[in-house]
1. List the trypsin sites (Lys or Arg not before Pro) in the stretch 31-136 that DSSP assigns to loop (not H, G, I, E or B) and whose Cβ has at most 14 other Cβ atoms within 10 Å. Which are they?
2. Classify the stretch 29-200 as rounded, prolate or oblate, taking a ≥ b ≥ c as the square roots of the eigenvalues of its Cα gyration tensor: rounded when a/c is under 1.5, otherwise prolate if a/b is larger than b/c and oblate if not.
3. 7 Å from Cα along Cα→Cβ at both ASP165 and GLN147: what's the point-to-point distance in nm?
4. Given the C-alpha centroids of the stretch 334-361 and the stretch 198-266, what is the distance between them in whole angstrom?
5. Trypsin sites (Lys or Arg not before Pro) within the stretch 363-404: which are DSSP loop residues with at most 16 other Cβ atoms inside 10 Å?
6. Mind running the shape call on the stretch 287-404? Use the C-alpha gyration tensor, a ≥ b ≥ c as the square roots of the eigenvalues: rounded below 1.5 for a/c, prolate if a/b tops b/c, oblate otherwise.
7. Using 0.36 nm per residue, how much length does the chain from LYS313 to HIS287 gain when fully extended, once their Cα-Cα distance is taken away?
8. Net charge near TYR96, counting Lys/Arg +1 and Asp/Glu -1 over other residues with Cβ under 12 Å of its Cβ?
Amino acid sequence: MPPSLFRLLPRIGLILILGATAVLLYLAIPPSYSKVRKVELERSKLFSNGFARSNTRFVLFINQYVHVGFNNQLLESILLQHFAQLLNRTYVFHPYVWSPTVSPFVFDRHPSFPYFYLRPSRLPLSAFVSGPLIDFPDAVTSEAWEQLCDAADTALVEEESWERDTISAQAWWTQKLLERGEKCLAVRFVGRKPFGFEFFDDPSFPSVYQSLAPFFRRFSFSHIVQAAAERVRKSLFNGVPPSHILVVHFRRGDFTSHCTYIEEQRLPFSGVNNLADPSFDSASASHSEFRRRCYPTPAEASLVIQKAIKESKTPIEGVYISTDAQRWEIEQLSASIVPALTVRSSRDLTLGREEKHVAVAIDMAIAEMSGVFVGNGWSTLTATVVMLRLAIRDSDSLRNIHLF
């Protein structure tokens, strides 16, 4: 080896190490969603310039959920946006907040693997969804609020409703806020939230859904989500039409313990899920029924899936398992489904950097377009998918929705 080349070896080694480190950091550090954020900021400027002198009124809900699952935050945002419409105000939407830290990303335990990974502490809501939840005149960004609502135009409403049931609490808040004439209202719910977890489990929720149906007809997922869902469907199922695919939401994760709480509290199905199975009575259900329906074994889940396949008017050619389960459970479930069918799961997805952190919405988009859907009655993901399917299909669509 020439002496000159020998002297270059340490430098070459250092360059390779630095290059490998840069690649690892690129893969490990979450994306910034800079393009998505840029669009949101440009939208904020447009709103501010165009509506600063208009008589449009706004409402900001200060203490929305953080550090809970995407669908819990999504459903709360949908309900609050609907509430804002009842108040004749434009809803100010927040980003999806996993951690209220100042850091752009945080360490978190992976739901399916025994290790920690970096995830964004906040994601722009428009990375997940499009439509009335983020578009003017139905909604504006928090940045637009800061530009449109100065101290002189803003009133803070911070009170607690002592109404015992959720519907009465909502009526109390509606009357309270309709009386206010300020351009901008910043609302902090003290005590029980009128649009919180309790409302998702309230037996009256399905009746409220009728007024939400127009919203869901206009709802859509973001371009990132829709493009990924379509690409995934075509690649995993070789172009099989959506109507010939069954999607099953096989919920694991924190349901290991949450199902115990559900049984202790005798909670009914979440949201509109009881429309898919009105026969379930949480007050009289046995321990074995709660366990089988909330945390079914792969074998028990397979029985429900096979029944749904037999009852489908459209031949099912593929099954997609939307899940946070361990691989061995997915393999057991896959093996017990009709052998002739193509079975794929969330673990089989090949996603880009921005797509990985909105994977839950990609699963939901696949479930929304599928011919048949099997879900978990206490899951808010299942509840959101059911609402989307009911809104965009005819009433007969309940035939193609099944619960464990």
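1. Counting only loop positions with at most 14 other Cβ atoms within 10 Å, the trypsin sites (Lys or Arg not before Pro) in the stretch 31-136 are ARG53.
2. Oblate, since a/c reaches 1.5 and b/c is not below a/b.
3. Between ASP165 and GLN147, the simple spin-label model gives 4.5 nm.
4. 15
5. Those satisfying the criteria are ARG393.
6. Rounded.
7. Going from the current span to full extension adds 6.0 nm.
8. Charge balance near TYR96 sits at +1.
Since every read-out is calculated from the coordinates, none of them should be taken as a lab result. Remember, predicted model here, so these are calculated numbers, not experimental data. When we count neighbours, we look across all protein chains shown, and the Cβ atoms used for this are built from the backbone with ideal geometry, even at glycine.
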